[in-house]
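Undergrad: Sending over a structure as structure tokens; questions will come in a sec.
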Amino acid sequence: MIDYTDEVADARADNKAIVALESTIISHGLPWPENLDTAKRLEAAVRAAGAVPATIAVLDGRVKIGLDADDLERLAAPDGDVWKLSRRDLPQILAQKGHGATTVAATMILAQKAGIRVFATGGIGGVHRGAQQNFDISADLQELAKSDVAVICAGPKAILDLPLTLEYLETQGVPVIGYQTDELPAFWSRTSGLKLTSRAETPAEIADILTAKWSFGLAGGAVIMNPVPEEDAIAEADIKAAIEAALAAADEQAISGKGLTPFLLQHMVALTGGDSLKTNIALVLHNARLAANIAVAMASAS
């Protein structure tokens, strides 16, 4: 039920550094053709840093750990019949031999099954605004408490309730480590006004923390918060109006559930004149590079 590319299989056999990459960003997160170009650039960035990329998806009911060029194009095609997969969706897509792109939660599950401990994404899901009434909380957060995978991201997506997301992670006992920052980054922006209690300055320091966590038997993942590069960031004040307008549009059209985040992200592109898309691509590439450096540090120490 699990297939590996030769590159990933060889890396697993030789205990080389591997970085998991999600596929939802290809099928549901970015528009065509930027999605295919970004997928290729992500893999190239991981290789350039000395690690092996393992983009994860489900195709024809088979879990794919590592994708070839045809797989990437299949996921990126604008008319493709590709599910957005979280934990709850995996049994059905596997049984029906369908195609699915993995979210943060599903990628963590499958990465752990493959023995991959480091995973790069854009931003994690979290507690949605208004969750006190609708209980809309991303499965990403609970998965972080279950799967032994470190997630490198640019913070929770700024469309979420950031204080409640940070509180939820604390309640679940998930380490949240700021990379060269004391403040929670907010995806498109470097700042949120929310302070972090843990900070690391180098990939090697992060690798040591992760190794200590899992060696001591503390199950579950960790989140490495890596702020978007300053030259690519959108000011916190500038992004807030666009977020409010996108949320209002979602309310008017009664968009909820797994369709909400893609809807909001697409609206943000239009509302920011394309700036949010450029920032999204820049930050996920930035995260892939850091993830590769962490994975290399962990492999070197083992």
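The values are calculated or read from the model by the stated rules, or taken from the named source; none is laboratory data. Small disclaimer: the values here were computed from a predicted structure and weren't measured. Backbone-built Cβ (ideal geometry, glycine too); neighbour counts: all protein chains shown. Areas reflect the complete protein model, heavy atoms only, side chains present, ligands, DNA and RNA absent. Shrake-Rupley method; radii C 1.70, N 1.55, O 1.52, S 1.80 Å.
Undergrad: Let me confirm something: among ARG12, ARG74, ARG41, which residue is basic (Lys, Arg), open to solvent by 20 Å² or more (accessible area, probe 1.4 Å), in a helix (DSSP H, G or I) and touching a helix residue (DSSP H, G or I) at 6+ places or on another chain (Cβ under 7 Å)?
TA: When all the criteria are applied, what remains is ARG41.
Undergrad: For GLY193, which of the numbered conditions (1) open to solvent by 10 Å² or more (accessible area, probe 1.4 Å); (2) of a type outside the set (Phe, Trp, Tyr); (3) outside any loop (DSSP other than H, G, I, E, B); (4) over 23 Å from ILE56 (Cβ atoms) fails to hold?
TA: Of the numbered conditions (1) open to solvent by 10 Å² or more (accessible area, probe 1.4 Å); (2) of a type outside the set (Phe, Trp, Tyr); (3) outside any loop (DSSP other than H, G, I, E, B); (4) over 23 Å from ILE56 (Cβ atoms), the odd one out for GLY193 is (3).
Undergrad: Further question on the same structure: Restricting to the range 92-104, name every residue that is part of a helix (DSSP H, G or I) and over 11 Å from GLY61 (Cβ atoms).
TA: Once the filter is applied, which keeps residues that are part of a helix (DSSP H, G or I) and over 11 Å from GLY61 (Cβ atoms), the range 92-104 yields only VAL104.
Undergrad: Let me ask something additional. Scan (1) without any contact (Cβ under 8 Å) to a residue 40 or more places away in the chain; (2) surrounded by fewer than 23 Cβ atoms within 10 Å (Cβ to Cβ) for the single condition THR55 breaks and write down its number.
TA: Exception for THR55: condition (2).
Undergrad: Return yes or no: is ALA219 open to solvent by 10 Å² or more (accessible area, probe 1.4 Å) and either in a helix (DSSP H, G or I) or hydroxyl-bearing (Ser, Thr, Tyr) (or both)?
TA: Against the criterion (open to solvent by 10 Å² or more (accessible area, probe 1.4 Å) and either in a helix (DSSP H, G or I) or hydroxyl-bearing (Ser, Thr, Tyr) (or both)), ALA219 does not qualify.
Undergrad: Additional query: Here are some residues: GLN266, GLN253. Which one is closer than 15 Å to ILE25 by Cα, open to solvent by 30 Å² or more (accessible area, probe 1.4 Å) and either of a type outside the set (Gly, Ala, Ser) or modelled with pLDDT of 85 or more (or both)?
TA: GLN266
Undergrad: Here's something else I'd like to know. Could you figure out which of (1) part of a loop (DSSP other than H, G, I, E, B); (2) under 27 Å from GLN132 (Cα atoms); (3) within 20 Å of the chain's Cα centre (by Cα) isn't true of TYR168?
TA: All conditions are met except number (1).
Undergrad: Contact list please: Cβ distance under 7 Å, first residue in the range 214-230 and farther than 30 Å from LYS278 by Cα, second residue charged (D, E, K, R), pairs at least six apart or on different chains.
TA: Between residues of the range 214-230 that are farther than 30 Å from LYS278 by Cα and residues that are charged (D, E, K, R), the close pairs are TRP214/ASP148; ALA219/ASP148; GLY220/LYS146; GLY220/ASP148.
Undergrad: Specify the residue that is farthest from VAL176 (Cα to Cα); the eligible residues are those in the range 222-239 that are at pLDDT below 95 and not in a loop (DSSP other than H, G, I, E, B).
TA: Across the range 222-239, the extreme among qualifying residues is ASP238.
Undergrad: Okay, moving on. Across the range 79-121, what is the number of residues that are of a type in the set (D, E, K, R) and surrounded by fewer than 17 Cβ atoms within 10 Å (Cβ to Cβ)?
TA: Residues that pass the stated criteria total 5.
Undergrad: Would you be able to say whether some residue in the range 17-30 is out of contact with any helix residue (DSSP H, G or I) (no Cβ under 9 Å at 6 or more places or on another chain) and either surrounded by fewer than 20 Cβ atoms within 10 Å (Cβ to Cβ) or under 29 Å from GLN142 (Cα atoms) (or both)?
TA: no
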